[in-house]
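Shown next, in structure tokens, is the structure this report addresses.
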Amino acid sequence: MNDSFDITIIGSGPGGYVAAIRAAQLGYRVALVEKYDTLGGTCTNVGCIPSKALLDSTEHFHTAQEKFREHGIETSPVALNFAQLIQRKNKVVGQNTAGLQFLMKKNKIEVVQGWGIFKDQHQLLVKREGVPDRLLSSQYFIIATGSKPASIPGVEINKQRIISSTEALNLKEKPDTMVIIGGGIIGVEMASIFARIGVKVTIIEYMDRLIPTMDHELGQALKKILAKLHINIILKAKVQSAVQRREKVTVSFIHADHEEQSLSADYCLVAVGRKPYTENVGLDTLGIEKDSKGFIKVNHLLQTTLPHIYAIGDVIGGAMLAHKAEEEGIFAVEAIAGKQHPIQYHLIPGVVYTWPEVASVGYTEEYLKEKGTPYRTGKFPFSALGRARASMDTEGFVKVLADPKYGEILGVHIIGPRAADLIAQAVVGMTYEVTDEDMFRISYAHPTYAEALKEAYLMASGQGALNL
Ligand code: FAD
Ligand code: NAD
């Protein structure tokens, strides 16, 4: 067995596997090291894919219950088969991990199953129970070891009743009640999944709004929408502890008015962020530096303290998104090959897969205000759109923020049907620096949700809406 490679990648998440494929395409001999039996990392196994599978299934269930009658569809009472819901999700994950295995084979990438730990600057030891260790030598390395769930003082994720998203995606039975700590992205997506199938969900969020890293208006609008799913949303409340006794968990928190309160539920889901995964990789032996939060430090080329060792994805911090990890995977490999296509980090879109969806790119209104940057707002509600009325998806709006003098688009924020897909055209427009009026003047098929963007671009350019 030849264990000498040009590029060895540790971790097979969206950062790692995309880097591996790009490296193989550029003619390198590539090894991809993964400690789990399946490829795809957090995203494919316990993140993006399974959560979206459950979000879609539960939205169908909810639509059948709440909207079919209005559409003129009569059914006998719609029933939930929770085991089948989870089984379908597992099938979708299986299809994706098998697809990755096939892609690795097709691209002649050597997949090495086991735990990777640096022995020295050019050698990685791969350990796996029951099989002899392998020592891989490599000219370059890319660390793509990702992240894992974080917690807060007083709350220990015991994986029984105090759980992270990983366990929540794999419950055996539908709970009656659930408290979610954190109203960030995982918090609101998980709350949607469970509330739609009748679980009594409470979200406890520290800040004064949901999804607090996004434009404030989005979080405010989302709160009203989630409240219609009967989700109890407690804002400005800091969780102090979660304690499991038998089959119940008691969560204690202090509200902004200093009042101490507690809630009891079948499960407590901890969704307070994720932390870099760097344990036992041998970074300290090599002197690879980390920042105060434990993220691996990299320079503008994504090189660590050692220039032949790169790091990408969640493990280096920034937006913890699969597509950000993918961009960095491609960038690192191309940097090794001497090519440079800089990543425009502020044009990486963020999406929340609630229904309606939430999607953003560029600067928020709060950021522009804070920086004193002049801007003009174009805002159009989906309720005024023919397409949205036809489908009964009238909640939400599009908000475009643009430079009042030159029309440069500074930010696009959407809460509404298919926002996740709509945001792609805003990314194109902003990447190629077209103006708000240019974006209005291109033709949009009628009737489509995208026409809400056309209207908002028109309004941002200082003109009145057409109400298409
Ligand atoms: P990861 O995907 O975490 O992969 C790292 C891999 O490295 C893992 O497989 C791990 O086993 C392996 N590894 C670690 N250490 C070693 C070692 N020493 N040796 C061998 N292997 C090792 N992002 C989106 O963009 N869209 C979404 O819809 C979305 N939904 C999400 C839903 C949930 C519930 C969660 C938790 C996350 C979601 N994310 C989403 C975030 C996304 O999953 C991450 O940003 C992405 O997976 C990061 O990719 P990565 O390649 O950096 O690391
Ligand atoms: P997050 O940072 O989005 O949200 C964590 C929330 O917990 C914050 O709103 C924070 O104010 C709150 N919080 C922290 N301490 C608290 C306390 N003591 N009491 C009450 N609230 C508290 O993190 P997340 O939701 O766990 O998601 C982790 C990462 O996974 C995110 O960075 C996200 O990018 C990624 N992710 C992305 C998607 C997607 O792209 N659709 C989906 C899921 C996860």
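Bear in mind that the values in this text are calculations on the coordinates, not laboratory data. Given the structure is predicted, the values throughout are model-derived calculations rather than measurements. So basically every Cβ, Gly included, is an ideal-geometry build from the backbone, and we count neighbours across all protein chains shown.
Computed quantities for the displayed model
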item	result
Computed label-point distance, nm, for sites LYS172 and ILE254 using a 7 Å Cα→Cβ extension	3.9
Net charge of neighbours whose Cβ lies under 13 Å from the Cβ of LYS371, counting Lys and Arg as +1 and Asp and Glu as -1	-3
From phi via Karplus (6.51, -1.76, 1.60), per-residue ³J(HN,Hα) for the stretch 281-291 in Hz, x at Gly/Pro	9, x, 5, 5, 4, 8, x, 6, 7, 10, 8
Within the stretch 162-272: Cβ-based charge dipole about Cα centre, in debye rounded to nearest 20 (Lys, Arg +1; Asp, Glu -1)	280
Amide proton proximity set for GLU156, modelled H, under 5 Å, gap of 5+	ALA242
Cα-projected label distance for ASN280 with LYS405, points at 7 Å along beta-carbon direction, nm	5.8
Long pairs among LYS108/LYS174; LYS174/LYS223; LYS89/LYS454; LYS228/LYS248, criterion Cα-Cα beyond 32 Å	LYS108/LYS174; LYS89/LYS454
For GLU334, net neighbour charge (Lys/Arg +1, Asp/Glu -1) across residues whose Cβ lies under 12 Å away	0
Rounded FRET efficiency, nearest 0.05, which uses the C-beta distance separating ASN299 from HIS230 and R0 of 56 Å	0.70
Alpha-carbon centroid distance for the pair the stretch 253-332 / the stretch 140-187, whole angstrom	15
Mean ellipticity per residue at 222 nm, deg cm²/dmol - from DSSP H runs of n ≥ 4 across the chain, formula -39500 (n - 2.57)	-10000 deg cm²/dmol
Efficiency of FRET from Cβ geometry, GLU366 and ALA79, R₀ 30 Å, rounded to 0.05	0.10
Cα centroid of the stretch 191-234 to Cα centroid of the stretch 371-450, whole Å	24
Local electrostatic count at VAL111 - Lys and Arg +1, Asp and Glu -1, tallied over other residues with Cβ under 13 Å	+3
Integer Hz, Karplus 6.51/-1.76/1.60 couplings in order for the stretch 374-388, x for Gly and Pro	x, 8, 10, 10, x, 10, 10, x, 5, 5, 9, 10, x, 4, 5
The chain: relative contact order in percent, alpha carbon pairs under 8 Å with at least 6 residues between	14
Mean projection area, nm², convex hull over Cα of the chain	25.0
Under Karplus coefficients 6.51, -1.76 and 1.60, residue-wise ³J(HN,Hα) of the stretch 157-162 in Hz, glycine/proline x	6, 9, 6, 9, 10, 9
Prolate/oblate/rounded label for the stretch 24-165 (Cα gyration tensor, a/c 1.5)	prolate
Amide proton proximity set for ARG209, modelled H, under 5 Å, gap of 5+	LYS236
Free-standing Cys, the chain [no other Cys Cβ under 4.7 Å]	CYS268
Estimated FRET transfer efficiency when R0 is 45 angstrom, pair SER137-ALA424 (beta carbons, to 0.05)	0.60
Distance from the stretch 13-38 to the stretch 112-135 (C-alpha centre basis), Å	16
Label-point separation, ASP208 to LYS91 (7 Å along Cα→Cβ), nm	4.8
